[in-house]
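Here is the structure we will look at, set down as structure tokens.
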Amino acid sequence: MALGLCTVASHAQEPLRIVATTTDLKSLAEAVGGSRIAVTNIVPPNTDAEEYQPRPQDLNRIREARLLLRVGADYDLWLDKLVAQAKRPELRRGGAGHVDCSFAIALLDVRGAQVGPTGGHAHGSGNPHYWLDPANAEIITGVILEALARNDPASAKYYEGRRLAFLKRLEARIADWEGKLAPLQGKPLIAQHNSWAYFARRFRINFAGTIEPRPGIPPSPSHLAALLKLMQSQQVRVIVRQPHEPAKHADFLAGKTGAKVVLLAASVGAVPEAKDYLSLFDYNSEALVNALK
């Protein structure tokens, strides 16, 4: 009898197994779940999540998971096929273990559906990079809290307390980031990919154009010529790209205009300094401020 009780107690202490599609959702889940969850991410850092090709080990992770966290908004469409292969109906859309973290997010750049092939990434439901507005972390962690409490009701108070403590830290850091980035307000920047709409709205930064004319589509010579004109007329001095994005066109524009190319991290782990969700914004704000010096 005593042995049986020990076995039950040991089982009760096992962390809740969670799979998140991205490092950002992993970091936010850990902020809420702490030591009572074990989270793995599918997409490695410095990988284009919109073009990710799942691997055999991803299937094994999903088969062992109680919860599946996804970005949604057409960002990780490849996940649906992976879940179907895992034969875990509770992790499919609408299932008890399926968590779409875009729920209740007000998406930007929402457009009507296009007919016919357009190439590039989907972005059909709107711009999916919503985690880059740190204020959206309140919504994302709320969705995660609900899922954790539903699957582990005994730890609900623990999860709620951790979330509130995290949001208190986040609120103070947002004020710091806003103060640090204030000198950039109104100054035009160029980006490689349209990843920064939410970041720009939160910190009042003006991304005047993108090197990709559409998400995932490389620029034509005429598009680059138009960008050069825009950069010269608006005196653009900063070009933003992510570490995994090609340097060729950003360097070309920088060479022609004297602008500085700045590496920003759109996800946790994209640069060594971005160890978690909060340090992601610490790094990006510091990198942009240094670019103006």
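Among the residues of region 253-263, is any of a type in the set (D, E, K, R) and closer than 14 Å to I211 by Cβ?
The first filter runs over region 253-263 and keeps only residues of a type in the set (D, E, K, R), leaving 256, 260.
Then drop every residue that is not closer than 14 Å to I211 by Cβ, which leaves 256.
There is at least one residue in region 253-263 that is of a type in the set (D, E, K, R) and closer than 14 Å to I211 by Cβ.
Annotation note: Cβ proximity below 8 Å between a residue of region 204-227 that is in contact (Cβ under 8 Å) with a residue 40 or more places away in the chain and a residue that is β-branched (V, I, T) (sequence gap 6+ or interchain) occurs for I211/I190; I211/I239; R214/T118.
Among the residues of region 157-169, just one is over 24 Å from the mean Cα position of the chain (by Cα) and surrounded by 15 or more Cβ atoms within 10 Å (Cβ to Cβ), namely Y158. Looking only at region 175-199, residues that are buried (at least 18 other Cβ atoms within 10 Å of the Cβ) and in a helix (DSSP H, G or I) come to 6 in all.
Just one residue in the set I140, I144 is in a helix (DSSP H, G or I), under 18 Å from L107 (Cβ atoms) and within 16 Å of the chain's Cα centre (by Cα); that residue is I140.
Pull up region 31-48, narrow it to residues that are within 19 Å of L278 (Cβ to Cβ) and touching a Lys or Arg at 6+ places or on another chain (Cβ under 9 Å), then point me to the one that is surrounded by the most Cβ atoms within 10 Å (Cβ to Cβ). Among them, the one singled out is V32. Would you please name the residue that is least open to solvent (accessible area, probe 1.4 Å), looking only at residues in region 49-58 that are modelled with pLDDT under 95 and part of a helix (DSSP H, G or I)? The qualifying residue least open to solvent (accessible area, probe 1.4 Å) is A49. For P218, are the conditions met, namely being over 20 Å from the mean Cα position of the chain (by Cα), over 24 Å from L107 (Cα atoms) and in a loop (DSSP other than H, G, I, E, B)? It is true that P218 is over 20 Å from the mean Cα position of the chain (by Cα), over 24 Å from L107 (Cα atoms) and in a loop (DSSP other than H, G, I, E, B). The set of residues from region 162-210 being within 28 Å of I144 (Cα to Cα) and of a type in the set (F, W, Y) comprises F166, W177, W196, Y198, F199, F203.
Where in region 221-293 are there helices (runs of 4 or more DSSP H), lying wholly inside it, with at least 1 residues that are in contact with a Ser or Thr (Cβ under 8 Å, 6 or more places away or on another chain) and open to solvent by less than 50 Å² (accessible area, probe 1.4 Å)? Walk me through how you get there before you give the answer.
Details: elements: 221-234, 248-257, 277-292.
In region 221-293, 221-234, 277-292 are the helices (runs of 4 or more DSSP H) which contain 1 or more residues that are in contact with a Ser or Thr (Cβ under 8 Å, 6 or more places away or on another chain) and open to solvent by less than 50 Å² (accessible area, probe 1.4 Å).
Can you tell me which residue in region 61-78 is farthest from the chain's Cα centre (by Cα), limited to those that are part of a helix (DSSP H, G or I) and within 21 Å of E30 (Cα to Cα)? If we take residues in region 61-78 being part of a helix (DSSP H, G or I) and within 21 Å of E30 (Cα to Cα), then R63 is farthest from the chain's Cα centre (by Cα).
Hey, does region 69-80 have a residue that's at pLDDT below 95 and among the β-branched types (V, I, T)? No, that holds for no residue.
The values are calculated or read from the model by the stated rules, or taken from the named source; none is laboratory data. Only a predicted model underlies this, so the values are computations on that prediction, with no experimental measurement involved. With ideal geometry, Cβ positions are generated from the backbone for all residues, glycine too; neighbour counts draw on all protein chains shown. All accessible areas refer to the heavy atoms of the entire protein, side chains included, with ligands and DNA or RNA removed. Shrake-Rupley method; radii C 1.70, N 1.55, O 1.52, S 1.80 Å.
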